[in-house]
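One structure below.
The values are calculated or read from the model by the stated rules, or taken from the named source; none is laboratory data. Source: prediction; values computed, not measured. All Cβ positions, glycine included, derive from the backbone under ideal geometry; neighbour counts span all protein chains shown.
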Amino acid sequence: MAQFQKQSFGFFSAILFLALSLSGTFARAAVWVEKETWDDSWEDKYSDWVRTSFNEDFFVKGRYSGIATDCAHAVYVARMIFAFENKLPFLIKDPTGGSVRISNRMARWDGESAINRVRKFAVYIGSMVSTKTLPNDTYPIEINRKYLRAGAVWSRVRITEDNIFRRIFGMNVDADPGHAEVVKDVSDTGVVSLIGSTVPKDVRMLLLTSSLVFMPIEKTTGFRQWKQPQDYGKPVESLKGYSLEQFSMGVAYNNGSRSLDAWTKDVQSRLQQRVESKEELIQRTVNNFCSLVTARVAVVQETEKFRKKLGDQCMSAADYDNYSTPSRDKRILDTLIAVKNAAGIGGLFGPKNIDTLYPYFEKCEALHLDEIYSMTPFSYARLINEDPMVSDPNESMLARWNLAPVAAKNCPKPQ
Amino acid sequence: MIRKILALFAVVAIAYFFVKGRGHENMQTSNLKHGLKLNLNAEESEKRNLAVKNESPVLAQVSDPTPERANVEGTEAAAKAFPDALKALGACFDIRNQVNSDRIQPTLAQLIDSLRGEIGDSIAEYEDWSNEHIIMANGEQRRLRIENGADANGIPGRFLRYFKLDKQGLPEIITLPPEQSQNPSDETLNLLRADGQRSLYERNLRSYFQNGEEVVTTEKNGFLQDLEMTKGAKNFKCSNLNSEGPNCRCSDY
């Protein structure tokens, strides 16, 4: 009997061991197990999904709410989440130089629920990628409606031609930061709508615009398509739609020099199925303005909280850098200039008054600056049409919106 | 009774190995079915290359790998192939770049030497990123990635990320305080390297020349891996330069 008990114990131990081993085997499920393969049909579906489902509130409402993103991260995560939802593989090059690719087969979060694995994978991707990793995972494409469509990537690394010339002529480098967005749609008038996040990394509404703001020069930038998993290791020249043509488009002068304005028009003319009317152009640029100004609200609110915490103190150089908004503000001002140019009231000799543009602003939502103050984007447009924008984070919230005079706090501005 | 138990155990064991075996087979079938075979082969190939390099006692242990100290056997074939790549570059742009030997190490210095007579020296250089792999004294691996970029306001800087590796060999970030991650000092970098030995150093560099030529290179352990040169409306691109068979292509755009 004693022998039987001993044997039984051994047997059940073995069964328990096997059960644990087997459960361990099944628990190593990766982030998700792919069942499909990327092909043209899935690329079509991805394009449709971005157009219809990857909307401004993607990371603030629903299943993926609460995921903090910055610009490149949001671009990667869009692709990753679509892959997850459709059991497709997701794979990117390890940017740290490792030979193992980062993919949905990562086992780091085994034991977590499926959605938690995906959310943690999304956060992980954010810790790995940047605008400088996008060239590893995407390639430049032909500028036509077949390849430049919803789901394509629009990206630039930091350096611009201006910077190169500044370096050449010994001037200070004042770089534009890198940026990346997802092509949300291409209209029949050839307008490319872009959706994306921004820095610093945060849980935020995505920004929808149609302003391209830069012309691609380096071959690592511009309109790009994702590599499919089976494309890694192949020469990019062999991939569908690969082309460098966008880097020579936009010639504006007899000496072959290019300009952003000419480039934007070239892109639009290649994509358009009909000509965009003047009214449409004005409305589109006004919509851009409203989107950009709406995104500024949360940034200024965040700064105001921090400023109040500091009391009378000035911000340190690092905090000033974190909370000031010169790039963002320049883009807003450039967009207002574009609105005026579209309406034919721009330039040095144009009328100062922009009241004739009011009807185009009617659909823009009000800006809720805090619990007390609100204003319309049109009111703000009028204010910054008259006076300079206030990017200084040491100024009060009302001053930042040109609703109060700037305070003579005499805080030093970091160089 | 014992026989029954043994039989049952055998059945369970067979079932276990069957399931495990099937799981493995399923994964392979799945790879083939989903078109991942090519990719996995490429990964395997990369791993093999890495393994070969790590076998070299010189490369695995140097703290500052340079072309002179790297695996000479591994680069002999590359040195034979590089002159052809340089000639192809010259033909692409219709320039007379110097190719004075039938054996030239595929390094940035050799490339610039070859081009100097035609396009001069670079007038601006810009390092996009670098990766450094460190094997610590206790055998753990660490990685440092530095990206040169700009912050949200366009202020240029160097941004450091520091990683350890997980069981799958994938990097896992070790969060550094901003004073270490933004514009890290040499002291910070040396502290993170500790007493480890560098097993890999790679970087991506853009060089600009006075007539607007752009040369983008990726170097690994001091040797060129990839090269892309743009001059006028022509583009010349090579990959796998540190091998016996670099892939080069000249195109108009």
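Any chance the range A:401-412 includes a residue that's surrounded by fewer than 19 Cβ atoms within 10 Å (Cβ to Cβ) and closer than 15 Å to A:LEU292 by Cβ?
The answer is no, given that none of the residues of the range A:401-412 is surrounded by fewer than 19 Cβ atoms within 10 Å (Cβ to Cβ) and closer than 15 Å to A:LEU292 by Cβ.
Any residue in the range A:303-321 that is within 13 Å of A:SER391 (Cα to Cα) sitting within a Cβ distance under 7 Å of a residue that is of a type outside the set (Phe, Trp, Tyr) and surrounded by 13 or more Cβ atoms within 10 Å (Cβ to Cβ)? List the pairs, counting only those 6 or more apart or interchain.
A:THR303/A:PRO393; A:GLU304/A:MET397; A:TYR320/A:PRO393; A:TYR320/A:PRO414; A:ASP321/A:PRO414; A:ASP321/B:ASP151; A:ASP321/B:ASN153; A:ASP321/B:ILE155
Quick one: count up the residues across the range A:89-102 that are buried (at least 21 other Cβ atoms within 10 Å of the Cβ), more than 9 Å from chain B (Cβ to nearest Cβ) and not β-branched (Val, Ile, Thr).
Residues in the range A:89-102 being buried (at least 21 other Cβ atoms within 10 Å of the Cβ), more than 9 Å from chain B (Cβ to nearest Cβ) and not β-branched (Val, Ile, Thr): 1 in total.
Working only within the range A:369-385, note down all residues that are buried (at least 20 other Cβ atoms within 10 Å of the Cβ) and free of Cβ contacts under 8 Å to residues at least 24 places away in the same chain.
If the condition is that a residue be buried (at least 20 other Cβ atoms within 10 Å of the Cβ) and free of Cβ contacts under 8 Å to residues at least 24 places away in the same chain, then A:PHE378 is the only one that fits.
If I ask for residues that are outside any loop (DSSP other than H, G, I, E, B), more than 25 Å from the chain's Cα centre (by Cα) and either among the acidic types (Asp, Glu) or surrounded by 14 or more Cβ atoms within 10 Å (Cβ to Cβ) (or both), which ones from the range A:351-368 would you list?
Step one: filter the range A:351-368 for residues outside any loop (DSSP other than H, G, I, E, B), giving A:355-361, A:367-368.
Now restrict to residues that are more than 25 Å from the chain's Cα centre (by Cα): A:355-360.
If the condition is that a residue be outside any loop (DSSP other than H, G, I, E, B), more than 25 Å from the chain's Cα centre (by Cα) and either among the acidic types (Asp, Glu) or surrounded by 14 or more Cβ atoms within 10 Å (Cβ to Cβ) (or both), then A:ASP355, A:LEU357, A:TYR360 are the ones that fit.
Every residue in the range B:232-253 that is within 8 Å of chain A (Cβ to nearest Cβ) and charged (D, E, K, R), please.
Result: B:LYS237, B:ARG249.
Mind checking which residues of the range A:331-350 are among the hydrophobic types (A, V, I, L, M, F, W, C) and assigned to a helix (DSSP H, G or I)?
Correct list: A:ILE332, A:LEU333, A:LEU336, A:ILE337, A:ALA338, A:VAL339, A:ALA342, A:ALA343.
Looking at (1) among the basic types (Lys, Arg); (2) under 26 Å from B:GLU213 (Cβ atoms); (3) at pLDDT 90 or above, which one does A:ARG258 not meet, given that it meets all the others?
(3)
In this structure, does B:LEU176 turn out to be surrounded by fewer than 19 Cβ atoms within 10 Å (Cβ to Cβ) and farther than 24 Å from B:GLY117 by Cβ?
yes
Of all residues being more than 8 Å from chain B (Cβ to nearest Cβ), touching a Phe, Trp or Tyr at 6+ places or on another chain (Cβ under 7 Å) and assigned to a helix (DSSP H, G or I) in the range A:217-249, which is farthest from A:LYS45 (Cα to Cα)? Just the residue, please.
A:GLN246
Could you grab me the full set of residues in the range A:261-281 that are within 22 Å of B:GLY212 (Cα to Cα) and either assigned to a loop (DSSP other than H, G, I, E, B) or among the small types (Gly, Ala, Ser) (or both)? Give the steps one after another, and end with the answer.
Here is the first cut: in the range A:261-281, the ones within 22 Å of B:GLY212 (Cα to Cα) are A:261-263.
A:ALA262 - this is the single residue of the range A:261-281 that is within 22 Å of B:GLY212 (Cα to Cα) and either assigned to a loop (DSSP other than H, G, I, E, B) or among the small types (Gly, Ala, Ser) (or both).
State whether one or more residues within the range A:153-160 are surrounded by 15 or more Cβ atoms within 10 Å (Cβ to Cβ) and at pLDDT 95 or above.
Taking every residue of the range A:153-160 in turn, at least one turns out to be surrounded by 15 or more Cβ atoms within 10 Å (Cβ to Cβ) and at pLDDT 95 or above.
Grab the strands (runs of 3 or more DSSP E) fully contained in the range B:192-231, keeping just those with 1 or more residues being within 24 Å of B:ARG143 (Cα to Cα), touching a Cys at 6+ places or on another chain (Cβ under 8 Å) and within 12 Å of chain A (Cβ to nearest Cβ).
B:223-231
Search the range B:148-166 for residues being more than 22 Å from A:LYS201 (Cα to Cα) and touching a residue at least 12 places away in the same chain (Cβ under 8 Å), and hand back the single one that is surrounded by the fewest Cβ atoms within 10 Å (Cβ to Cβ).
Within the range B:148-166, the match that is surrounded by the fewest Cβ atoms within 10 Å (Cβ to Cβ) is B:LYS164.
So is A:ARG284 surrounded by fewer than 17 Cβ atoms within 10 Å (Cβ to Cβ), away from chain B (no Cβ under 13 Å), of a type in the set (Lys, Arg) and assigned to a helix (DSSP H, G or I) or not? Even if it seems obvious, please write down each step before you answer.
Values: surrounded by fewer than 17 Cβ atoms within 10 Å (Cβ to Cβ): no; away from chain B (no Cβ under 13 Å): yes; of a type in the set (Lys, Arg): yes; assigned to a helix (DSSP H, G or I): yes.
It is false that A:ARG284 is surrounded by fewer than 17 Cβ atoms within 10 Å (Cβ to Cβ), away from chain B (no Cβ under 13 Å), of a type in the set (Lys, Arg) and assigned to a helix (DSSP H, G or I).
Taking the options B:GLY169, B:GLY196, name whichever one is at positive phi and either surrounded by fewer than 16 Cβ atoms within 10 Å (Cβ to Cβ) or not β-branched (Val, Ile, Thr) (or both). Explain how you work it out, then say what you get.
Values: B:GLY196 fails: at positive phi.
Result of the check over B:GLY169, B:GLY196: B:GLY169.
Output the residues belonging to the range B:144-191 that are assigned to a strand (DSSP E or B), more than 7 Å from chain A (Cβ to nearest Cβ) and at pLDDT below 95.
B:ASN148, B:GLY157, B:ARG158, B:PHE159, B:GLN182
Can you confirm whether A:ASN394 is outside any helix (DSSP H, G or I) and free of Cβ contacts under 8 Å to residues at least 24 places away in the same chain?
On the way: outside any helix (DSSP H, G or I): yes; free of Cβ contacts under 8 Å to residues at least 24 places away in the same chain: no.
When the stated conditions are applied, A:ASN394 does not pass them.
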